[in-house]
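Written below as structure tokens is the structure these notes are about.
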Amino acid sequence: MNKNFEITGTTKLTCLLGDPVSHSISPAMHNASFQKLGLDYAYLAFDVDEEHFERAVDGLITLGASGWNCTMPLKRRMYERVDTLSDSALLSGAVNTVVNRDGQLFGDNTDGYGFLQSMRDAGFSCKGAHAVMLGSGGAAAAILAQAALDGTDTIDIFSRKGASSTRLIAEETDRIRGKSNCRIRLFDLADTQTLKSCLNDAQILIHTSSVGMAPHTDASLIPDASFFHPGLVVGDVIYNPRETLLLRQAREAGCHTFNGMYMLLHQGAKAFERWTGQEMPVEYIRDLYFR
């Protein structure tokens, strides 16, 4: 590691915007990467709510920030604010990574990439596969977009009927159909008979909701272990706890499982490359913060 890492008069600013962000590991992860590679960048975290969103973005442009991440509740606002969009951001309707090019803002969504890269780390690919997705929120939108772009054959989405996020995910499927050959079907999460039938045919199950997250670790959207079959790849965006009830049910049924811990690492690595043009030292950061 470069022992002479310091803030200078030429240090480039990157940061995280959201509410709240004090718990985020992103500053530690990015600053350790800048230090390891000897890059004159720094990464900070700022609590910014929706009321102060426009002023915060205008301020970052004025200050010449190289780029920033944004988290809830700002991802859809940032989608509307940037000038150009990557395909993943365009399809998902949300932006979590911004590159500032002399005041012109390029928006990307690296969340889906992060999840699917963590799947590849586990030895699996969505290309040509039939996947079932539980949930329809922001994580679902990002993963759906990237999975479609990466060549998934069929994605069956199960979400709560009447939820606002269900309407948004339906709008996203219309955008995806113009960019991908992926077949997307929407179902009511309460229709457990159809859920079981779809899972019997699927190779991948992706859980994107907060159900099962600490402290409510005794909850799962899957009624019982009979919904799983041996060899099914089951991924959960949750990483606290590291094994949710859903993942434990799946593992005990003979499925391959992985959690959301490395999703954060890989989505950050993609943003890092967008800003610096260099690859994040992923294995170094994995050993430092994710073991």
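Just so you know, all these numbers are worked out from the coordinates, no wet-lab data involved. On a predicted model such as this, the values are computed, not experimentally measured, just so you know. Neighbour counts are summed over all protein chains in view; Cβ atoms, including those assigned to glycine, are modelled from backbone coordinates with ideal geometry.
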Sorted by chain and number, the residues with a modelled amide H under 5 Å from that of Leu205, at a separation of 5 or more or across chains, are Val132, Val233, Val234, Gly235
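Cross-link list Lys161/Lys196; Lys161/Lys270; Lys36/Lys270; Lys75/Lys196: which exceed 25 angstrom alpha carbon to alpha carbon? All intermediate terms of the calculation are to be shown ahead of the outcome.
Working: Lys161/Lys196 18 Å; Lys161/Lys270 34 Å; Lys36/Lys270 17 Å; Lys75/Lys196 33 Å.
As for pairs spanning more than 25 Å Cα to Cα, those are Lys161/Lys270; Lys75/Lys196.
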Semi-axes (Å, rounded, descending) of the ellipsoid equivalent to region 171-291 per its C-alpha gyration tensor are 28, 22, 13
Mean 1/r over distinct Cα pairs of the chain, inverted to a Kirkwood Rh in Å, yields 19.6
If N is the residue count of region 17-139, its Cα Rg over 2.2 N^0.38 Å rounds to 1.15
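Divide by every residue of the chain the summed helix terms, -39500 (n - 2.57) for each DSSP H run of at least 4, and state the resulting mean residue ellipticity at 222 nm, rounded to the nearest 500 deg cm²/dmol. Intermediate results must be reported in sequence, preceding the final value.
Values: 11 runs with 115 residues, N = 291.
About -12000 deg cm²/dmol.
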Relative to the chain, whose Cα atoms define the longest principal axis, helix 111-121 and its Cα axis are tilted in degrees, nearest 10, by 70
Sorted by chain and number, the residues with a modelled amide H under 5 Å from that of Leu16, at a separation of 5 or more or across chains, are Leu44, Ala45, Phe46, Asn69
Once the dipole of the chain is set up from charges on Cβ (+1 Lys and Arg, -1 Asp and Glu), the residue from the list Gly277, Leu105, Leu195 lying farthest towards its positive end is Leu195
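Roughly how big is region 74-157's charge dipole about its Cα centre, with Cβ charges of +1 (Lys, Arg) and -1 (Asp, Glu), in debye to the nearest 20?
Values: 7 positive and 10 negative charges, 40 e Å.
It works out to roughly 200 debye.
Counting DSSP beta bridges with both partners in the chain, what percentage is antiparallel, nearest 5? Mind dumping the intermediate values first?
On the way: 8 of 43 bridges.
About 20 percent, rounded to the nearest 5.
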So for R0 = 30 Å, FRET eff. of Arg183-His216 from the Cβ-Cβ r, to 0.05, ends up at 0.35
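Round to the nearest 0.05 the FRET efficiency obtained for Glu279 and Ser164 when R0 = 41 Å and r is the Cβ-Cβ distance. Please list the in-between numbers first.
Working: r = 38 Å, r/R0 = 0.92.
Result of the calculation: an efficiency of 0.65.
Can you give the FRET efficiency for Thr8 and Ala122, using 1/(1 + (r/R0)^6), R0 = 45 Å, r = Cβ-Cβ distance, to the nearest 0.05? It would help to have the intermediate numbers written out before the result.
On the way: r = 40 Å, r/R0 = 0.89.
E between Thr8 and Ala122, to the nearest 0.05, is 0.65.
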Relative to the chain, whose Cα atoms define the longest principal axis, helix 138-149 and its Cα axis are tilted in degrees, nearest 10, by 80
Looking only at aspartates and glutamates whose Cα falls under 17 Å of Lys127's and that sit 8 or more positions away or on another chain, we get Asp150, Asp153, Asp156, Asp201
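For Arg248 and Glu51, calculate 0.36 nm times their separation in residues minus their Cα-Cα distance, and state this gained length in nm to one decimal.
Numbers: separation 197, 0.36 × 197 = 70.92 nm, distance 4.07 nm.
Between Arg248 and Glu51, full extension yields 66.9 nm more.
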Longest principal axis of the chain (C-alpha) makes with the long axis of helix 53-63 (C-alpha) an angle, in degrees to the nearest 10, of 40
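Hey, got the dipole for the chain? About the Cα centre, +1 on K and R Cβ, -1 on D and E Cβ, debye to the nearest 20?
On the way: 27 positive and 34 negative charges, 79 e Å.
Around 380 debye, computed over the chain.
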With +1 at each Lys and Arg Cβ and -1 at each Asp and Glu Cβ, the charge dipole magnitude of region 1-122 around its Cα centre, to the nearest 20 debye, comes out at 400
Under the 7 Å Cα-to-Cβ spin-label approximation, Tyr289 and Ser197 lie apart by a distance in nanometres of 4.5
When the charge dipole of region 1-112 is computed with +1 at the Cβ of Lys and Arg and -1 at the Cβ of Asp and Glu, the Cα pointing farthest to the positive end, of Leu17, Tyr79, Ala65, is that of Ala65
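Sort the following peptides by mean Cβ neighbour count (other Cβ atoms within 10 Å, averaged over residues), highest first: 216-227, 107-118.
Details: 216-227: 14.7, 107-118: 26.2.
Taking the mean over residues of other Cβ atoms within 10 Å, the ranking is 107-118, 216-227.
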